[in-house]
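Worksheet: the structure to be examined is printed underneath.
The values are calculated or read from the model by the stated rules, or taken from the named source; none is laboratory data. Keep in mind the model is a prediction, meaning the values are calculated, not measured. Cβ placement follows ideal geometry from the backbone for every residue including glycine, while neighbour counts extend to all protein chains displayed. SASA here: full protein model, heavy atoms, side chains in, ligands and nucleic acids out. Shrake-Rupley method; radii C 1.70, N 1.55, O 1.52, S 1.80 Å.
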Amino acid sequence: MSFLKAACALTLTTALACAAAPAHAAGHDHEGEPELVQTYAVTRQYQHVKRAIKDGHLPAGPCTALPGEGAMGYHYVKQRLINSTNPTEPAGLVHHKGKHGKLRLGAVEWSVRDADQNVETDDDRPVMFGDRHFDGPEEIPGLGVVYTLHAWIFKDNPRGVFYPWNPRLTCP
C-alpha cells in the first residue's frame with residue numbers, strides 16, 4: 001500500500017510541477033534560446049494583469065488581431081523599457097483572455113524605435129537571441145516607427161515562439 005501512495009504522490013508532484021511552468025520555460029531552451037528562461041523568470045510575476053499595471057505597465061490599446069493570422073491580445077507597455085534589447089527587460093506584456101474571461105499573460109514583446117522613423121528602411125533592424133531579427137519596421141500609434149520581437153513563453157504558439165501572431169487566439 002505504501003508503494004501505491006508513493007507512486008500517486010510522485011505522479012501528483014510531477015503533474016503540479018509541469019502545470020506550474022509552461023513547457024517552453026521548464027527545461028526546454030526555446031529553440032536554442034536559453035536566455036528566454038531568464039525572460040520567463042523575470043516576467044512570470046505578471047501572469048495577472050493587475051500586477052503588471054501596479055508595476056507600471058500601461059494598457060496600449062484594444063486587443064490586436066490580424067485576419068487569417070490569429071491574435072496577439074492586449075498589450076501593456078512600460079515606456080522606460082522601449083528600446084531595450086535586454087532579455088530581462090521586455091517593454092511589452094501581451095495578455096489574452098483565458099478561462100472565465102480573465103486576462104492571462106501569453107507573450108512578452110521588445111519594441112525598438114527606428115532611428116530614422118522611416119518604414120521604408122531597415123538598416124538598423126535589431127537582433128536578439130543570437131541571430132533573431134526583429135519584425136518591422138511598422139508604425140504603431142503612440143510609439144512611432146518601431147521594430148518588435150514577440151516571445152510566446154506563457155502560451156503555446158504552434159507557429160513558433162517568436163512568431164508575432166498566435167492562431168489559437170482571437171479578439172472579441
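Side notes on the structure shown:
- Among the residues listed as G136, G130, the single one being at pLDDT below 95, of a type outside the set (V, I, T) and either touching a strand residue (DSSP E or B) at 6+ places or on another chain (Cβ under 7 Å) or open to solvent by less than 80 Å² (accessible area, probe 1.4 Å) (or both): G130
- Of residues in region 140-160 being of a type in the set (A, V, I, L, M, F, W, C) and assigned to a loop (DSSP other than H, G, I, E, B), the one nearest to G61 (Cα to Cα): L143
- The residues listed here are A65, A71, A115, A107; of these, the one that is in contact (Cβ under 8 Å) with a residue 12 or more places away in the chain, out of contact with any helix residue (DSSP H, G or I) (no Cβ under 6 Å at 6 or more places or on another chain), more than 25 Å from V37 (Cα to Cα) and aliphatic (A, V, I, L, M) is A65.
- Test: residue in region 132-155 that is among the basic types (K, R), free of Cβ contacts under 8 Å to residues at least 24 places away in the same chain and farther than 27 Å from K97 by Cβ: no
- Helices (runs of 4 or more DSSP H) contained in region 1-114 and holding at least 2 residues among the hydroxyl-bearing types (S, T, Y) and at pLDDT below 95: 2-20
- Within region 115-138, tally of residues that are closer than 23 Å to H57 by Cβ and assigned to a loop (DSSP other than H, G, I, E, B): 3
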